[in-house]
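Have a look at the structure below before the remarks.
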Amino acid sequence: KTPQSTAALTRTLRRIVDKLEDENRLKVGAGFAGTVKDGIVVSSANNRFLKNYDPARALSRAVKVDNDARTFARAEYAMVAGKGARRALFFTFGTGVGRAYGIGGAIKHVKRFGPREKWEKRYQRVNGVKALAPFLAEHLMPIIKSYKPTTVVAGGGVSEKTGFIPAFRAELRAKGFTGTVASAKLGTLAGAIGAALIAR
């Protein structure tokens with residue numbers, strides 16, 4: 001579980017790094033839910049104690065840092081669900097809605113994907129697949145129309161609920177999306193794998 005203070009988080013990260021330090025030339029990557037800029041976790045709606053947190057300074061070593069939606073997307077795009085897609089949009093449905101965009105295999109930094117969407121508080125109150133699928137399709141279609149993906153990849157805990165992906169796919173189809181709607185394949189490991197990829 002995510003530690004609930006910067007001190008506890010730093011201790012946890014140090015334990016992980018120290019355990020692996022014997023590995024030859026260990027490199028470290030990290031994904032954080034929230035706004036990440038120049039290696040600093042500026043803020044996190046999920047973990048409000050994270051304000052201007054600098055993992056590299058905390059660990060006294062080089063750390064490549066990115067937003068967790070982008071690390072998730074990087075892993076899925078490189079390895080499984082989005083592999084080969086010309087343009088791909090990635091969504092993680094959990095406590096909030098993470099968004100990432102990739103072209104030709106590379107994940108782009110999209111400034112508008114940093115802050116939460118205005119409708120995310122309402123999203124947190126929607127219960128059940130039958131209500132969630134149309135709600136998300138309605139609010140995500142403007143993004144889909146703007147970026148014109150050939151593939152949409154859905155991940156996160158909500159996407160794993162029985163019947164969500166078929167319902168979400170059907171709602172997007174009804175709103176005119178003709179591309180592929182894929183389910184994320186790497187599960188809870190996607191963010192960590194993507195973080196490792198940026199550290200290479």
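Applying the criteria of a DSSP loop state and at most 15 other Cβ atoms within 10 Å to the GluC sites (Glu not before Pro) of segment 1-108 yields E21, E23. Scalar couplings 3J(HN,Hα) for segment 141-154, obtained by applying the Karplus form with A = 6.51, B = -1.76, C = 1.60 to θ = phi - 60°, are 4, x, 5, 4, 5, 5, 9, 6, x, 8, 9, 10, 10, 10 Hz; x denotes Gly and Pro.
For segment 1-117, what class follows from the C-alpha gyration tensor (a ≥ b ≥ c being the square roots of its eigenvalues): rounded when a/c is under 1.5, otherwise prolate if a/b is larger than b/c, else oblate?
oblate
Give me the angle, in degrees from 0 to 90, between the Cα long axis of helix 190-199 and the longest principal axis of the Cα atoms of the chain, rounded to the nearest 10. Its long axis makes an angle of about 50 degrees. Here the chain has an Rg and Dmax of 17.1, 53 Å, counting Cα atoms alone.
If you line up the long axis of helix 6-20 against the longest principal axis of the chain, both from Cα atoms, how many degrees apart are they, to the nearest 10? Long axis of 6-20 versus the principal axis of the chain: about 80 degrees. Annotation: per residue accessible area for segment 61-200 equals 49 Å², rounded to a whole number [probe 1.4 Å, protein chains only].
Starting from the Cα gyration tensor of segment 140-200, take the square roots of the eigenvalues, sort them a ≥ b ≥ c, and report rounded, prolate or oblate (rounded when a/c is under 1.5, otherwise prolate if a/b is larger than b/c, else oblate). In terms of gyration-tensor shape, oblate. The sum of -39500 (n - 2.57) across all DSSP H runs of n ≥ 4, divided by the residue count of the chain, sets its helix-only mean residue ellipticity at 222 nm to -11500 deg cm²/dmol. Taking 35 Å as R0, compute the FRET efficiency from the Cβ-Cβ separation of K27 and I103 and round it to 0.05. The pair K27/I103 has a calculated efficiency of 0.85. Under the simplified labelling scheme, the A170-F49 pair shows an inter-label distance of 4.3 nm, with each label point 7 Å from Cα along Cα→Cβ.
For the chain, the relative contact order is 24 percent, taking Cα pairs closer than 8 Å that sit 6 or more residues apart in sequence and dividing their mean separation by the residue count.
A 1.4 Å probe over all protein chains sorts M141, M79 by accessible area into M79, M141, starting with the largest. Could you tell me the calculated FRET efficiency between R200 and R87, based on Cβ-Cβ distance and R0 = 25 angstrom, to the nearest 0.05? Computed FRET efficiency for R200 and R87: 0.55. Largest mean-square fluctuation among A58, A75, A184, in a Gaussian network model of the chain whose springs join Cα atoms under 10 Å apart, belongs to A58. State the extension gain, in nm to one decimal, for the chain segment bounded by N127 and V110, taking 0.36 nm per residue of separation less the distance between their alpha-carbons. Separation in residues times 0.36 nm, less the Cα-Cα distance, equals 3.2 nm.
Segment 23-72 and segment 86-135 have Cα centres lying 20 Å from one another.
In the context of the full protein assembly, K64 retains an accessible surface of approximately 110 Å², using a probe radius of 1.4 Å and ignoring ligands and nucleic acids. The H on the amide N of V153, modeled in the peptide plane, is under 5 Å from the matching H of L89, F90, F91, A182, each at least 5 residues off or on a different chain.
The values are calculated or read from the model by the stated rules, or taken from the named source; none is laboratory data. Small disclaimer: the values here were computed from a predicted structure and weren't measured. Counting neighbours? That spans all protein chains shown, and the Cβs are built from the backbone with ideal geometry, glycine included. Heavy atoms of the whole protein, side chains included, go into the accessibility calculation; ligands, DNA and RNA do not. Shrake-Rupley method; radii C 1.70, N 1.55, O 1.52, S 1.80 Å.
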